[in-house]
Amino acid sequence: MHTAWVSVGLAVGGVLGAVVPVAAAGQAAGRAPQVGDVRIGLIAESTAACLGMPKKTPLKGIPDLTTFTVKDLTRFQTKQADECVQKAGKDPANPVNALIKRLTAPTSPPGPVPGKADSPGSAALRPASALGNRAPGDENPQLALIEASFNKACLGLPAKGKLHDLVDLAPADVQHSPLFAAPATHQCAEKHTADGKEPLLQILENVAVLSNNGTGT
């Protein structure tokens, strides 16, 4: 059973709203965020609250999920963290799982965006069945969705869990939660995000489009 998708708690039916651009809330134009504030992944809002992460601006078009930052990784080192992770793993309505299923469900390819044959929008609206290479029967509960370059540098999650490059996210199973708590991961995160860039923000734009693929809304 999957428990959540990028970033914890989600209902599958009708929860993903119309496509709305995901804003970089609170980020001043042209100013890179501090290293600790760089967003690196998605987690269920319920899990984030359980871990004591600060409440963030809701993500438009991606309900029940929130982002987590480099400095939020320390939340996985607390005594309560294991209980929060296990709770997420048992949640049948975990939004991370719901989003993964939504993005990998087979659909009919829609037409191109008028006047933009090679636009990001038309590229994103390809058949969702092409988005993932998760093995059939892979039903491990998901804890979060991690920005792929961060995953490769700091976590090294199994390649079989990586979603299509267009999404550029890697699901993290509940069993991988110790990787978040490892001091070496935190040190790697600070080094990896030292330039203050946030590729996750553009990824979230694609996720919002893809999650709405085939809904007719």
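The values are calculated or read from the model by the stated rules, or taken from the named source; none is laboratory data. Just so we're clear, the structure is a prediction, and the values are computed from it rather than from any experiment. Cβ placement follows ideal geometry from the backbone for every residue including glycine, while neighbour counts extend to all protein chains displayed.
Quick check: is even one residue across region 19-28 at pLDDT 50 or above and either more than 28 Å from residue 187 (Cβ to Cβ) or in a strand (DSSP E or B) (or both)?
Checked region 19-28: no residue is at pLDDT 50 or above and either more than 28 Å from residue 187 (Cβ to Cβ) or in a strand (DSSP E or B) (or both).
Of everything in region 56-93 that's farther than 23 Å from residue 211 by Cα and part of a loop (DSSP other than H, G, I, E, B), which residue is farthest from the chain's Cα centre (by Cα)?
By that ranking, first place goes to 79.
Quick one: which of 124, 159, 148, 128 is at pLDDT 55 or above, in contact with a Leu (Cβ under 8 Å, 6 or more places away or on another chain) and closer than 21 Å to residue 96 by Cβ?
So the residue among 124, 159, 148, 128 that is at pLDDT 55 or above, in contact with a Leu (Cβ under 8 Å, 6 or more places away or on another chain) and closer than 21 Å to residue 96 by Cβ is 148.
Is it the case that some residue within region 59-69 is of a type outside the set (D, E, K, R), surrounded by fewer than 21 Cβ atoms within 10 Å (Cβ to Cβ) and farther than 26 Å from residue 206 by Cα?
No, the conditions are met nowhere in region 59-69.
For region 38-53: of the residues being part of a loop (DSSP other than H, G, I, E, B) and touching an Asp or Glu at 6+ places or on another chain (Cβ under 8 Å), which is surrounded by the most Cβ atoms within 10 Å (Cβ to Cβ)?
Among those residues, the one meeting the criterion is 38.
Among residues belonging to region 187-217 that are assigned to a helix (DSSP H, G or I) and among the acidic types (Asp, Glu), point out the one that is modelled with the highest pLDDT.
190
Restricting to region 94-108, count the residues that are within 18 Å of the chain's Cα centre (by Cα) and either outside any helix (DSSP H, G or I) or among the hydrophobic types (A, V, I, L, M, F, W, C) (or both).
7
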